[in-house]
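Novice: Attaching a single structure in structure tokens format; questions to follow.
Nothing in this text is a laboratory measurement; each read-out follows from the coordinates by a stated rule. Because the structure is a prediction, the values reported are computed rather than measured. All Cβ positions, glycine included, derive from the backbone under ideal geometry; neighbour counts span all protein chains shown.
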Amino acid sequence: MMRWRFEWLYRFGLALFVGIAFWACWSTAQETPATNKVSAEVAFQGGQTNALTSSLSNVAFLQHDIFGVPSWKYLAFLIYIVIAFYAAKLADLLTGVWLKRWTAKTETQYDDLILDLLRGPVKVVVFVIFLHVGLGVFDWPPRAALYLSRALTVVMACSITYVALKVVDVLLGLWRTKSASSEDKLFAEHLFPVLRKTLKVAIVLGAALITAENMQLEIKALLAGLSVGGLALGLAAQDTVANLFGAVSILLDKPFHVGDRIRVDSVDGTVETIGLRSTRVRSLDGHLVTVPNKIMGNAIITNITRRPIIRTELNIGLTYDTTPEMVKRATAILGEVYRAHPKTGELIISFNKFADSALNIFVVHVWKGADNPEYFAGMQELNLEIKRRFDAEKIEFAFPTQTVHVKQG
């Protein structure tokens, strides 16, 4: 589809150039030197000679004038148009067939992308070069030279813009392939089209303004209007733009994926969707919380799912009538139970203090893994085993108690 569009534009441009050239010759031939006040300070210069023009200028029946221009110049111009057309076809064949066979032998895909990127512009550049030579046959009047110079400027600007648009497609395609994981597929499908259209619109507008300036067109009033309109639009849509940039930062930094449990500000839950405006999180109590992406881009986010371990701190209290030997035995039982489980990582057990109503044994247990259901099931097994072992050893757990002394008399 893209190739068909380019071929259509290519042929339309060819016909347009021929029409401009003949119209410029006719219109300027009707003008007198006194009325032709267009400045001759233009980039295009005519009257060039070469072997082809020298040969045609010696043909007798090509010496009569058409609109004040020798007929052999028209023939030379048409010959250069034909040469330009077939030279462009040859360049397209070279890049599209021969070089493509060479790039197909390489393992990397970057040379294929560069070749596809340059195929259309190379064709246009070759055509414009030969067209420029053909147009140089004529001794152009100032107005015609001005028109042709602007036409060539537009063609070159369109070629450069076309390359820039293709670069955007290629770069975003590579970025999407490398950065968009399966978890972010839906998010990427929404974000990348918006980025692509935004960048393309910016490139086209910038190219149009630069081309107009190079063609010495008055665009100051237009720029002033665009500046005021852009300022008003920016103020009105600043939250939307901030949310969009927040979505881009999430895609680039990847602090979380869909399905991850995160904690941001007062929200703790599982990420369900990541959109262009907001991120939706299912809280632990089942509520669906919508968080604007501009907050996500600036907030401190804790990704609980990505933790490699689950750290648990326990305080186990024994009654005050427990003997030192029984306290030591209790710590040994805790070590045996915890270390016997395959998911136990780091383990710290310490009789660390005399609490108000218990002898406190402090336990730091590290569970290898981040699966919450598995963790809760495993900790239940460990706690039940500790209860059985303590009961078998007659080790009693403490509970909050208070002794009241009553003074009589």
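Novice: With each label point set 7 Å from Cα along the Cα-Cβ vector, what nm distance links Val125 and Thr344?
Specialist: Computed distance between label sites Val125 and Thr344 equals 7.1 nm.
Novice: Report relative contact order for segment 278-342 in percent, whole number only (criteria: Cα-Cα under 8 Å, sequence separation at least 6).
Specialist: Taking the mean separation of contacting Cα pairs over the length of segment 278-342, I get 16 percent.
Novice: How large is ³J(HN,Hα), in whole Hz, for each residue of segment 382-399 in order, when computed from phi with the Karplus curve 6.51 cos²θ - 1.76 cosθ + 1.60 and θ = phi - 60°, using x for Gly and Pro?
Specialist: 5, 5, 5, 5, 4, 4, 5, 5, 5, 5, 5, 8, 6, 9, 9, 7, 8, 9
Novice: Here is a follow-up. Over all directions, average the projected area of the Cα convex hull of segment 287-409 and note it in nm².
Specialist: Directional mean of the projected Cα hull area for segment 287-409 stands at 13.4 nm².
Novice: Given a cut-off of 25 Å, name the pairs among Lys328/Lys387; Lys89/Lys197; Lys89/Lys200; Lys328/Lys394; Lys197/Lys254 whose C-alpha atoms lie farther apart than that in the structure shown.
Specialist: From the list (Lys328/Lys387; Lys89/Lys197; Lys89/Lys200; Lys328/Lys394; Lys197/Lys254), the Cα-Cα distance tops 25 Å for Lys89/Lys197; Lys89/Lys200.
Novice: With a point put 7 Å past each Cα toward its Cβ, work out how far Glu336 is from Leu314 in nm, to one decimal.
Specialist: 1.5 nm
Novice: With 10 angstrom as the radius, rank Asp371, Asp268 by how many other C-beta atoms surround their C-beta, starting from the fewest.
Specialist: By the 10 Å Cβ count, ascending: Asp371, Asp268.
Novice: Between Ser227 and Val170, 0.36 nm times their residue separation minus their Cα-Cα distance comes to what? Provide the component values of the computation, followed by the final result.
Specialist: Working: separation 57, 0.36 × 57 = 20.52 nm, distance 3.03 nm.
Working it through step by step, the gained length comes to 17.5 nm.
Novice: Here's another thing I want to ask about it. If neighbour count is taken as other Cβ atoms inside 10 Å, put Ile349, Ile300 in order from fewest to most.
Specialist: By the 10 Å Cβ count, ascending: Ile300, Ile349.
Novice: Give me the log10 of I(q) over I(0) for segment 244-355 at q = 0.23 Å⁻¹, as the Debye formula computes it from C-alpha points; what are the numbers?
Specialist: Per q value, in the given order, log10 I(q)/I(0) is -1.20.
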